[in-house]
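Heads up, the thing below is written out as C-alpha cells.
The values are calculated or read from the model by the stated rules, or taken from the named source; none is laboratory data. Every value quoted in this text rests on a predicted model; they were computed, and no experiment measured them. Please note: Cβ atoms are built from the backbone with ideal geometry, for glycine as well, and neighbour counts cover all protein chains shown. Note: accessible area is taken over every heavy atom of the protein model, side chains too, but ligands, DNA and RNA are not part of it. Shrake-Rupley method; radii C 1.70, N 1.55, O 1.52, S 1.80 Å.
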Amino acid sequence: MLHVDMDQFLAAVELLRRPELRGMPVVVGGRGDPTERGVVSTASYEAREFGVRSGMPLRTALKRCPDAVFLPVDFPVYEAASERVMATLRAHPGAVVEVLGWDEAFVGVETDDPVATAHALRAEVLAATDLHCSVGVGDTLVRAKIATDFGKPQGTFMLTRDNWLEVMGDRPTTALWGVGKRIAARLSAVGIETVAQLASAPEDVLVGGFGPSMGPHYGRLGRGGGRSTVDDTPWVARAHGHERTFQTDLVDVAEVEAAVHDLAAAVVADLRREGRACQRVHLKVRFAPFFTFTRIRKLTEPTYDASVVAATALDLLRGLDDDRPIRLLGVRGEMVPPEGGY
DNA sequence: TCTGGGGTCCTAGGACCC
DNA sequence: TCTGGGGTCCTAGGACCC
C-alpha cells in the first residue's frame, strides 16, 4: 500500500494564493501574530532551515527567524484543498483511500509496480492541485507511513519486510509511528533504545512493562508489523470539542462563565450538525503555570441543550475548587454512539 | 522556549452487583 | 484470623497523532 503526505501543506496552500512569498520563510500558526500565545501549525522549508518546527510557540519561531512571514490559520481554505487532494486520490483507478488527516492518506491499490504507482499519484495530485506530496510504499501501514518521511520532499521511498531493519534498526524508538518521548523513556528503562532492540525484545519484558495489549503492540511496531490492508470505511466522530487559550489568564468569574458558555454553544452546534446528542461532558482547564486538569461527567440523559452542557462544565470547574488564573478552557461533548455502534 | 486545537485509544482503580 | 471471583460502569489521566 501507499501513504501519501502533502509537503508543508498549510504553507504550500498559502503560497498558491500568495506566490510572491515563494522562496521566503513562511510560518502558518495561530492568528498570524507571533507576539501572541499560539503555536506553529506548519513552517515552510525555508523557515525550517532556521530551526522553526510544527508545535513550537510562535514567539520562539519569531526569535529563531525574525524575518519570517507569519500567517494566520485559515481552516476553510485548507479543508477545501484537502478535499481536492482526497478526491484526486480516489479518482485513481482501483484506489481505496483511508484518510488520516487534512494532508495525508493511505492508498490501497493493486499494482505490480508500486513505485510507478507512487509516481503516478504524485503527478496526479500535482496536476489537480498544484501541490507537491511525498509517497511512502510499504507492505504494512506502519512501514508505508514511515517510508514517506524518507521520501520528503517530493519523493518516494519503499520500506518492506526486506529492508526494514537495515533502514530502521539503528534508529531510536521515537522514529516509530506511535512511540513518543514518554514511551521511549519507559522502553529505555528496560534497556531498549533502538528499533532493532524493540523488534527482538522478549515478549514477557514488554508485557511486564506495558500490559498484555500494549506490550505486544510495541513489539510488533518494532518489527514494522501490524495492519496491511487499507480501510475506507468513513470515519465517525466520537466527540467534538472546543478549547481556547487566553492571551491573558482569566481571573474574573464572569469572564470564565462567559467563556464556558461560548465553548458549550460551539460544541452543541457541532453535535446538532452531526445529529447526535451529547451524553458526556469533558472539561479541560489549564491553570498558569501549566497544569492541566480534565474532568468528565455523564449526563443523566442525552441533550442538545447548550445551557445544560455549560452548567455541567461549570459544575465540574467548581468541583476543582481552585481559583488560580486560567490559561486555557476546553469543553468537549461526547456523542451518543450511532445505531449499531462504531 | 514556555505551549494550539482538533482528535483517538488505553489503563487503572473505585463503586457496585451477583 | 484476614479475605472469592467475575463482571460492568464510571471517572481520571496518560500518551499519541496531525
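Worth pointing out:
- Compactness of chain A, taken as the C-alpha radius of gyration over 2.2 N^0.38 Å, stands at 1.11.
- Most to least accessible of A:His119, A:His240 (protein chains only, probe 1.4 Å): A:His119, A:His240
- Sum of side-chain charges, A:Leu198 neighbourhood, beta-carbon under 11 Å (Lys, Arg +1; Asp, Glu -1): +2
- For A:Leu176, net neighbour charge (Lys/Arg +1, Asp/Glu -1) across residues whose Cβ lies under 12 Å away: +4
- Potential extension, A:Glu339-A:Phe293 segment - 0.36 nm per residue separation minus Cα distance: 13.4 nm
- Counting only residues at least eight positions apart within a chain, or on another chain, the lysines with an alpha carbon under 25 Å from that of A:Lys145 are A:Lys181.
- For the pair A:Ala120 and A:Arg17, a Förster radius of 22 Å applied to the C-beta separation gives a FRET efficiency near 0.20, rounded to the nearest 0.05.
- The dipole here belongs to chain A: it is taken about the Cα centre, uses +1 on the Cβ of Lys and Arg and -1 on the Cβ of Asp and Glu, and is about 740 debye.
- Cα-based convex hull volume of the stretch A:69-214 per residue, rounded to whole Å³: 156 Å³
- Label separation (A:Ser54 vs A:Ala269): 2.7 nm, computed from points 7 Å beyond Cα along the C-beta direction.
- Over all directions, the projected convex hull of the C-alpha atoms in the stretch A:239-335 averages 5.4 nm² in area.
- Taking the stretch A:142-209 and dividing mean pair separation by its residue count, relative contact order in percent (alpha carbons under 8 Å, at least six apart): 27 percent
- A:Val142 - accessible surface, heavy atoms, 1.4 Å probe, Å² rounded to 10: 20 Å²
- Each part gets one Cα centre, and for the stretch A:21-93 versus the stretch A:286-342 those centres are 30 Å apart.
- Charge context of A:Arg227, other residues only, Cβ under 12 angstrom, K/R +1, D/E -1: 0
- Mean silhouette area of the stretch A:34-88, derived from the convex hull of its C-alpha atoms and averaged over all directions, reads 4.3 nm².
- Nearby lysines by direct alpha-carbon distance to A:Lys298 (threshold 27 angstrom, same-chain neighbours under 8 apart not counted): A:Lys284
- Whole-number D in µm²/s for the stretch A:109-161 (Stokes-Einstein; Kirkwood sum over Cα pairs; 20 °C, 1.002 mPa s): 195 µm²/s
- Over chain A: helical MRE at 222 nm, DSSP H runs n ≥ 4 each giving -39500 (n - 2.57), nearest 500: -12500 deg cm²/dmol
- Which of A:Tyr218, A:Tyr45 is most accessible, then next, and so on - probe 1.4 Å: A:Tyr45, A:Tyr218
- Ranked from largest, the principal axis spans of the Cα set of the stretch A:21-127 equal 50, 26, 21 Å.
- Scaled to the globular estimate 2.2 N^0.38 Å, the Cα spread of the stretch A:164-222, given as radius of gyration, is 0.97.
- Difference of contour (0.36 nm per residue) and Cα-Cα distance, A:Phe150 to A:Asn163: 3.4 nm
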